[in-house]
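Everything on this sheet refers to the single structure shown next.
Since every read-out is calculated from the coordinates, none of them should be taken as a lab result. All of these numbers come straight from a predicted model, not from anything done at the bench. Glycine also receives a Cβ, built like all others from the backbone with ideal geometry; neighbour counts cover every protein chain displayed.
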């Protein structure tokens, strides 16, 4: 592990065998980039990070892994975007994807194996989520994989809800001479849905567990009730792949969800996003999790190649 300068500030770089990881713990606990070097001097970019000209833009950069907390994507309260009702019945604001991705974190551990960082809630966070808690992001790096754990400790005197997630920006296509049609998504889910303009889940029928990444219908689609924790994106030309393991049990929590999204047909990335539940979970309750007073809850994901 070493400290490096980026946009005039300090970030960290880990060299683990052939893998290089770049992260900015204090800025949203953001994993920025993961790439793999080969003996011939070439490399594969796995988690993508684009060119950025200012540290002020980091929160909305389409790259790395933005942390989504306390809720993923859009929340609604009776059809009004950006609102939710807390456990005491009070109507509160909630930014898109929550407030962790644009939040400040304090680093609690940096070593040769990874880092841990704890959210420092600002005024926006306190207004949206007015509880006593510790939210920590924990990364562990290995040569061909990394794991990331989201940990919420409840210091409050009532149970608090959450449904956090990840927004991995994977480089795709990643093999020279390929396009999206040369890749397929293997996602074992019983249900699929889209979110409508009122925040409700609208079922998708006729979806398949194996889909080409070139299929435009998989973008912005929510998959849940996973029958296996393993989700794969596979290059059919050389059998290289990205494997995402959602949770730590052979049978995932039925609320866990995986969202697939890309910006356009020509974007150089595709997001495969493991979440604790579909968007707007505080209202429809699918994938909404609670942490009792004095208890700690976790959500763990492993990404490997």
>> At a 10 angstrom cut-off on C-beta neighbours, averaged per residue, how do the peptides 223-231, 289-297 rank from highest to lowest?
In response: 223-231, 289-297
> Using 0.36 nm per residue, how much length does the chain from residue 241 to residue 7 gain when fully extended, once their Cα-Cα distance is taken away?
Replying inline: 81.0 nm
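Tell me, 256, 169, 6, 139 in order of fewest to most beta-carbon neighbours within 10 Å? Spell out each step's value before the answer.
Numbers: 256 25, 169 28, 6 18, 139 22.
In order of increasing Cβ crowding within 10 Å: 6, 139, 256, 169.
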>> What distance in nm lies between label points placed 7 Å from Cα along the C-beta direction at residue 144 and residue 78?
In response: 5.5 nm
>> Going by average Cβ density within 10 Å per residue, which order do the peptides 200-208, 175-183, 24-32, 12-20 take, highest to lowest?
In response: 24-32, 12-20, 175-183, 200-208
>> How many angstrom lie between the Cα centre of the range 178-197 and the Cα centre of the range 59-86?
In response: 21 Å
>> Using square roots of five times the C-alpha gyration tensor eigenvalues, list the equivalent-ellipsoid semi-axes of the range 2-304 in whole Å, biggest first.
In response: 29, 25, 17
> When a footprinting reagent is the concern and you count Cβ atoms within 10 Å, what order do 38, 71, 146 take, fewest first?
Replying inline: 38, 146, 71
> What does the helix-only formula give at 222 nm for the chain: each DSSP H stretch with n ≥ 4 adding -39500 (n - 2.57), the total divided by the residues, and the result rounded to the nearest 500 deg cm²/dmol?
Replying inline: -500 deg cm²/dmol
>> Going by average Cβ density within 10 Å per residue, which order do the peptides 260-266, 93-99 take, highest to lowest?
In response: 93-99, 260-266
> For 36, 119, what's the fewest-to-most ordering of other Cβ within 10 Å of each Cβ?
Replying inline: 36, 119
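If R₀ is 25 angstrom, what is the calculated FRET efficiency for the pair residue 194 and residue 266, using the beta carbon separation as r and rounding to 0.05?
Details: r = 22 Å, r/R0 = 0.89.
Efficiency, rounded to the nearest 0.05: 0.65.
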>> Under 10 Å, Cα contacts only: if you run a Gaussian network model on the chain, which one of 142, 157, 134 comes out with the highest mean-square fluctuation?
In response: 157
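Taking R0 as 22 Å, what's the FRET efficiency between residue 204 and residue 181 from their Cβ-Cβ distance, rounded to 0.05?
Numbers: r = 21 Å, r/R0 = 0.97.
Efficiency at R0 = 22 Å is approximately 0.55.
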> Taking Cα centroids, how far is the range 102-173 from the range 228-289 in Å?
Replying inline: 18 Å
